[in-house]
Amino acid sequence: MKRRKELAIDISDHVLAPSRKSNKKIIASIQYLSKLFIMPDTPDKFIEFGDALLVMIREFFQEQGGIHSEISLPDLAKIFSSIDPPTDPELIVDVLYEIKEKVIRHSVKVGNPFYIGHMTSAIPYFMILIEMVIAALNQNQVKIETARASTFVEREFVAWIHQLVFQRSRPFYRRAIENPEIALGNVTVDGTLANLTALWVAREKAFPPGRSFAGVRKDGMAAALAHHGYSSAAVLVSQLAHYSLDKSMDVLGLGSRSLVRVPVNTDNQIDCAKLRRTIADLQKKNVKIMTIVGIAGTTETGNIDDLKELREIATECGAHYHVDAAWGGATLLAHRYRHLLDGIDRADSVAMDTHKLFYTPMSMGLVLFRNERDLMRVKYTASYVIRKSSVDQGRFTLEGSRKFDVLKPWAALKVFGTDGFQILFDHAFNLTADLNQLITASPNFEVLNNPQLFIHVSRFAPQDVQNAIERLRARAKKNGTAAAARKKLHEINELLNTLNTELHRAIRAEDSTFVSRTTLTTTRYAPQPIVVLRSITVNPLTTRSILEEILAKQEKMGLRLYTRTYKNRFDKLLK
Ligand SMILES: Cc1ncc(COP(=O)(O)O)c(C=O)c1O
């Protein structure tokens, strides 16, 4: 006990205290280097540096001040602009000092409760410790020979979430969890790879091998289309689809143009009538409808498609039905919100991200298949690693070597329990409702989405301008004045776009609060592109009063900008 205390004193006095690097010259030798492998120098040093690192990390969390460091991006780039790789070894303490000064100091404080702009947010502190376990064990999930217990942790976690999504029978899961021939899903590096894996399987389902066709994996897409008699293959999704689907189409050889984006309704959900019409048109052109993708939590607006209706449509046209639940999937952990994702249990595959609403650090995705045989279509084996008779997870994954990342959501579920997640999501729901109420009540902001899953979209629009917009919208419906009113409305929206872009820059420069900015073509002004401010209210440390503070600050900045540089321009437009 005493000894540890001495070490702690040692840390603040010696390890972290130096105001500059020691620049002590190290003479590299195999004796010196091999000590770094087992533990740095001695076990004492390992503990000492470990403690020092934890102190350093805690200081980063405790630091007051801006969300981003003040340094400009070009200046930051200069810090990391040496073109030669380091030749001489350095002391660990010196490298730690450099990490503190150059990296930690200039990192974004994504866990700050005033930072409500991105899906990347606060993580529970025990996750940092779990990351240490992952690094220390250095398991490679590709094969059992490098991942014993961790393989089964992965299988267990996949089975838990599969059950949450698809709710198959308990005997089914009892069989599946221990049977290496059954693959319920893959742990992936991220949501992009989860979506790509789902479409990979869907492609194999759509174009199975036959006589004189060995399958797409061997013969390619041209042979697949010729064999099955189609002109091309399409994947249909709403216009709010994440761009990972474009990349997937590209990589799978289907071409990103074959990702057909269907318009959304006023709630940012895919328009099912338009989807049906698009399918009919494509079928007339002899296009194979390969996959229908539903979104459970659109990236920009957090809205959820009608997942039940999409099942029916996919069945009607014989397509694989995939749900991209990278954002919203985790809400299935909470009974109270399950109804929002009604129909997800009838999907053929579902993608999720754990570094989003499972509150785990970067990065891990998950793709699950309702039919336990689906992943067999993309099975690969190799004689030196994932042998035919093996139980290796790597048989089904696109990735080769893979970290033991699953330990993080596995541990998070144990520490929080589904009851804990219910509370976290209750908090997030309440925060979104609070923000919506505050923005609705504010005369100088306009709400621009109907938030379902913790994503709120609005813009700064001074009261006078909003009044003018409402008058113009009324005139746009009347014969005679419609065309002129629509033109004027368009111009006002363009000026508001410039104002909001500038406001966002001012928010970034002021740096005590953060919301993100995007451009949407699906607001009440569709199809005109509208610059919006996007808030993501999932940080358990964010409170209603913090939201009030954020809004008050941003409103003040907006009004200052408006009166100084925009009022005259709006007045001129509205004359
Ligand atoms: C709906 C949706 N799908 C897929 C992704 C891609 O996930 P990742 O960034 O983990 O690759 C995202 C990311 O934000 C997303 O919001």
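The values are calculated or read from the model by the stated rules, or taken from the named source; none is laboratory data. It should be emphasised that the depicted structure is a prediction, and the values quoted were computed from it without experimental measurement. Positions of Cβ are generated from backbone atoms using ideal geometry, with glycine treated the same way; all protein chains shown enter the neighbour counts.
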- request: Among the residues of the range 529-553, count how many are surrounded by fewer than 15 Cβ atoms within 10 Å (Cβ to Cβ) and either under 24 Å from ASP571 (Cα atoms) or without any contact (Cβ under 8 Å) to a residue 24 or more places away in the chain (or both).
  value: 2
- prompt: So which helices (runs of 4 or more DSSP H) are wholly in the range 185-304 and hold at least 2 residues that are assigned by TED's automatic domain parsing to the domain that holds ASP342, under 26 Å from GLY343 (Cα atoms) and within 11 Å of the ligand (Cβ to nearest atom)?
  reply: 191-206, 244-251
message: Out of the residues in the range 82-128 meeting the condition of being buried (at least 16 other Cβ atoms within 10 Å of the Cβ) and among the polar types (S, T, N, Q), tell me which one is farthest from the chain's Cα centre (by Cα).
response: ASN112
- prompt: Restricted to the range 344-374, and to residues that are assigned to a loop (DSSP other than H, G, I, E, B) and within 26 Å of GLY318 (Cβ to Cβ), which residue is nearest to the ligand (Cβ to nearest atom)?
  reply: ALA347
- prompt: Within the range 74-110, restricting attention to residues that are among the small types (Gly, Ala, Ser) and farther than 30 Å from LYS45 by Cα, which residue is nearest to the ligand (Cβ to nearest atom)?
  reply: ALA77
task: Restrict the check to the range 268-275 and report whether at least one residue is more than 30 Å from ARG517 (Cα to Cα) and modelled with pLDDT of 95 or more.
output: yes
task: May I ask you to verify whether THR315 is modelled with pLDDT under 95, of a type in the set (S, T, N, Q) and away from the ligand (no atom under 16 Å from the Cβ)?
output: no
- request: Kindly indicate whether VAL165 is within 16 Å of the ligand (Cβ to nearest atom), crowded, with 17+ Cβ neighbours inside 10 Å, part of a helix (DSSP H, G or I) and not assigned by TED's automatic domain parsing to the domain that holds VAL251.
  value: yes
